[in-house]
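K.L.:
Sharing a structure below in structure tokens format, with a few things to ask.
The values are calculated or read from the model by the stated rules, or taken from the named source; none is laboratory data. Model, not experiment: these values are computed from the prediction. Cβ: placed from backbone, ideal geometry, glycine included. Neighbour counts: every protein chain shown.
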Number of protein chains: 2
Amino acid sequence: MTRTPVWKSIAAALEADIAAGHYGAGDKLPTEAALASRFGVNRHTVRRALGDMSERGILRSRRGAGVFVEAPPTEYPIGKRVRFHQSIRATGRLPQRRVLRLESRPGDAGETKALELNAGSMVTVCEGLSLAGETPIAHFISVFPQDRLPGMLHTLEEVTSVTEALKLNGVADYVRRETRVTAEMPSATQALHLRLRESDPLVKTVGINEDMEGNPVEYGQTWFAGDRVTLTFSND
Amino acid sequence: MTRTPVWKSIAAALEADIAAGHYGAGDKLPTEAALASRFGVNRHTVRRALGDMSERGILRSRRGAGVFVEAPPTEYPIGKRVRFHQSIRATGRLPQRRVLRLESRPGDAGETKALELNAGSMVTVCEGLSLAGETPIAHFISVFPQDRLPGMLHTLEEVTSVTEALKLNGVADYVRRETRVTAEMPSATQALHLRLRESDPLVKTVGINEDMEGNPVEYGQTWFAGDRVTLTFSND
DNA sequence: AGAAACTATACAACTAGACAAATCATACGC
DNA sequence: GCGTATGATTTGTCTAGTTGTATAGTTTCT
């Protein structure tokens, strides 16, 4: 008789609730147990509905915490000027960076080549997370030439915006020379930091920013949580 | 689908930090609360990681004071006497070897030359993993001269320490004649065995041990997981 | 008979919050 | 200058709640 499975109608009911504004982005749904009793079914049946919605990106569950309504993906424009803080602020959320590592060391072959330095030149490395509000968006490793920007290490300890840090080091403006995009699977640590499963793919961008004289000032690798961000390219 | 528990990734990340020298012996780690927010998890999850590391002797915590680095994961001294079991035990952890391959065969050109044997002489080969506690530290291939040490093949089946195996074959003591160090990227198999990404570099050492009469008794190649081990050289 | 949907139970992993106990830094009194 | 009181920090412990996963059994439809 029941042509449609129970779990599908549960998913539909929950989607209707969300569409009606009953639950907004970021809100916590009732617990699986509560939903199970509300719909008069077993918890596993609810879980199937929730699992389906999670796969479609509507929900995200955190073990031990609950199930939450996911925000629609952030539009991240990549063009001549790539500015993280501006992009996030445009979506009405608070851009943040959390620094995981900050060090000076000799650059490896790839880094010195990208920054057009002599082999073995010192570089300043900043690794961290980009957040929109509370949600981690991306994991990045930025490499700066230390001889051209000797004060970056110190500046980055106090300033979280790259744009601002560069400005404080004499780079008033900078533009993106090139951006390469690939897909990668997250390492265990990345999955942890970005709060996603090891099976969720990342979008990796490798980019070089140069100052107005054409000198490279930053070689950056960024791993975006694929389903939280939509990269958009424009030639402006 | 979280294959590796979160707390294990946290422990691994902290161990890597310690191995990289971000926190030295005796240093105080960030507070549990700070680590929790850095990794985006609950404090209890951090505590589980710290507890695991404490059990392995890497950390020591004092109520009200903080968590301190007891011993860096692996300071691996390379000098006249290179003793894997001693080095690991000194860090308060259980040294282990897991044998992957054990065989006798004619030695190739490089092996017979290093061991000062006639071309085509038989050698005993032992390939395996070195572990500190649960953590794989290195992948090694040891080659022994079979005519000087005919019993090694059998002894190595029962004894995990090279020092002990050599002693049982009449080599009471031995010293390192020379050690060469290079960097290599791991093969897929090595990455798997050492539980690291194929992008994580290895430190490769090639060494010759000789008995007190100056006869080579072991020609060993070892690939260390670069972020878990710090090789230290001394001329004692 | 077999597959799909659903139920039932149990445990592991993680979150959340609260409070106790030890430690540390600082100000105060003398 | 020195000991002490005090309050903030930090780890240790406890209770409770939530999601993830595994196993096994029942119903229903074809």
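K.L.:
Tell me yes or no: at least one residue of the stretch B:118-126 is surrounded by 14 or more Cβ atoms within 10 Å (Cβ to Cβ) and within 29 Å of B:Ala19 (Cα to Cα).
P.N.:
So far as the stretch B:118-126 goes, yes, one or more of its residues are surrounded by 14 or more Cβ atoms within 10 Å (Cβ to Cβ) and within 29 Å of B:Ala19 (Cα to Cα).
K.L.:
Another one. Within the stretch A:60-71, is even one residue away from every other protein chain (no Cβ under 14 Å), away from DNA strand D (no atom under 16 Å from the Cβ) and in contact (Cβ under 8 Å) with a residue 60 or more places away in the chain?
P.N.:
Within the stretch A:60-71, one or more residues are away from every other protein chain (no Cβ under 14 Å), away from DNA strand D (no atom under 16 Å from the Cβ) and in contact (Cβ under 8 Å) with a residue 60 or more places away in the chain.
K.L.:
Run down A:Thr124, A:Thr45 and say which single residue is within 16 Å of DNA strand C (Cβ to nearest atom) and more than 14 Å from chain B (Cβ to nearest Cβ).
P.N.:
Result: A:Thr45 is the single residue among A:Thr124, A:Thr45 that is within 16 Å of DNA strand C (Cβ to nearest atom) and more than 14 Å from chain B (Cβ to nearest Cβ).
K.L.:
Sticking with this structure for a sec: I want to confirm something. Restricting to the stretch A:139-183 and keeping residues that are within 14 Å of chain B (Cβ to nearest Cβ) and of a type in the set (Val, Ile, Thr), which single residue is surrounded by the most Cβ atoms within 10 Å (Cβ to Cβ)?
P.N.:
A:Ile141
K.L.:
Hey, can you tell me all the residues within the stretch B:124-138 that are within 19 Å of B:Leu153 (Cα to Cα) and touching a residue at least 40 places away in the same chain (Cβ under 8 Å)?
P.N.:
B:Leu129, B:Ser130
K.L.:
Is at least one residue of the stretch A:130-139 out of contact with any helix residue (DSSP H, G or I) (no Cβ under 9 Å at 6 or more places or on another chain) and over 30 Å from A:Glu15 (Cα atoms)?
P.N.:
No, the stretch A:130-139 contains no residue that is out of contact with any helix residue (DSSP H, G or I) (no Cβ under 9 Å at 6 or more places or on another chain) and over 30 Å from A:Glu15 (Cα atoms).
K.L.:
Here's a follow-up. If I filter the stretch A:56-67 for residues that are more than 18 Å from A:Leu196 (Cα to Cα) and either outside any loop (DSSP other than H, G, I, E, B) or within 16 Å of DNA strand C (Cβ to nearest atom) (or both), do I get at least one hit?
P.N.:
Looking for residues that are more than 18 Å from A:Leu196 (Cα to Cα) and either outside any loop (DSSP other than H, G, I, E, B) or within 16 Å of DNA strand C (Cβ to nearest atom) (or both), one finds none in the stretch A:56-67, hence no.
K.L.:
I'd like the full set of residues that are over 13 Å from A:Lys8 (Cβ atoms), surrounded by 16 or more Cβ atoms within 10 Å (Cβ to Cβ) and more than 7 Å from DNA strand D (Cβ to nearest atom), limited to the stretch A:33-53.
P.N.:
Scanning the stretch A:33-53 gives A:Leu35, A:Ala36.
K.L.:
Identify the single condition in (1) part of a helix (DSSP H, G or I); (2) within 15 Å of the chain's Cα centre (by Cα); (3) not acidic (Asp, Glu) that B:Lys167 does not satisfy, given that it satisfies every other one.
P.N.:
(2)
K.L.:
While we're looking at this one, here's another question. Tally time: how many residues in the stretch A:85-121 are more than 14 Å from chain B (Cβ to nearest Cβ) and touching a helix residue (DSSP H, G or I) at 6+ places or on another chain (Cβ under 6 Å)?
P.N.:
Within the stretch A:85-121, residues that are more than 14 Å from chain B (Cβ to nearest Cβ) and touching a helix residue (DSSP H, G or I) at 6+ places or on another chain (Cβ under 6 Å) number 3.
K.L.:
Identify, by number, the condition in (1) under 30 Å from A:Glu70 (Cβ atoms); (2) more than 14 Å from chain B (Cβ to nearest Cβ) that A:Pro186 doesn't meet.
P.N.:
Tallying (1) under 30 Å from A:Glu70 (Cβ atoms); (2) more than 14 Å from chain B (Cβ to nearest Cβ), A:Pro186 fails exactly one: (2).
K.L.:
Please go through the stretch A:24-57 and give me each residue that is touching a residue at least 24 places away in the same chain (Cβ under 8 Å), of a type outside the set (A, V, I, L, M) and in contact with an Asp or Glu (Cβ under 6 Å, 6 or more places away or on another chain), ordered by number.
P.N.:
A:Gly57
K.L.:
How many residues are out of contact with any Leu (no Cβ under 8 Å at 6 or more places or on another chain), more than 11 Å from every other protein chain (Cβ to nearest Cβ) and either more than 13 Å from DNA strand D (Cβ to nearest atom) or among the acidic types (Asp, Glu) (or both) if we restrict to the stretch B:12-32?
P.N.:
Within the stretch B:12-32, residues that are out of contact with any Leu (no Cβ under 8 Å at 6 or more places or on another chain), more than 11 Å from every other protein chain (Cβ to nearest Cβ) and either more than 13 Å from DNA strand D (Cβ to nearest atom) or among the acidic types (Asp, Glu) (or both) number 7.
K.L.:
Another question, if that's okay. Looking at A:Pro186, A:Pro216, A:Pro136, can you tell me which residue is in the same structural domain as A:Gly110 (by TED's automatic domain parsing), farther than 30 Å from A:Arg63 by Cβ and surrounded by 17 or more Cβ atoms within 10 Å (Cβ to Cβ)?
P.N.:
On inspection, the qualifying residue turns out to be A:Pro216.
K.L.:
For residues that are of a type outside the set (Ser, Thr, Tyr) and within 11 Å of DNA strand C (Cβ to nearest atom), tally how many sit in the stretch B:1-31.
P.N.:
Result for the stretch B:1-31: 8.
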